[in-house]
Amino acid sequence: MLALTQHRYGKFDVFQLERVATSTPKDNEVRIKVHASGVNDWELGLMEGKPYIIRMFLGLFRPRLNIVGCEVSGVVDMTG
């Protein structure tokens, strides 16, 4: 699948369109075929790593979560 990934903190130039492996949901999880995604101030904070206290939880020098996005709209593709 194609995903916008981020391997370092910064502005919008940190995003790269990459092909990543399709995940298999575990028990009590679902996989969603995304039709639309939203961007809000939470993703902007993750992208820049600001406020700096957030880096204590998400990665000090680079983000642990490479694929950003928490607001999605789509169809459930598979259940665990």
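Here, each number is a calculation from the coordinates, and none is a lab measurement. Quick caveat, the model's predicted, so the values are computed rather than measured. We place every Cβ from the backbone using ideal geometry, glycine too, and count neighbours over all the protein chains shown.
From the gyration tensor of the Cα coordinates in the chain, what semi-axes in whole Å does the equivalent ellipsoid have, largest first, with each one equal to sqrt(5λ)?
For the chain, the semi-axes come out at 24, 14, 13 Å.
Roughly how many debye, to the nearest 20, is the charge dipole of the chain about its Cα centre, given +1 on each Lys and Arg Cβ, -1 on each Asp and Glu Cβ, and no other charges?
Its charge dipole is roughly 280 debye.
Using a cut-off of 24 Å between alpha-carbon atoms, which lysines can reach Lys50, once sequence neighbours fewer than 8 places away in the same chain are excluded?
Lys11
As a check on your grasp of the helix formula, calculate [θ] at 222 nm for the chain: sum -39500 (n - 2.57) over DSSP H runs of n ≥ 4, divide by the residue count, round to the nearest 500.
Taken over the chain, the calculation gives -3500 deg cm²/dmol.
Using the basic label-point model (7 angstrom from Cα toward the beta carbon), what is the Val39 to Ile53 distance in nanometres?
2.6 nm
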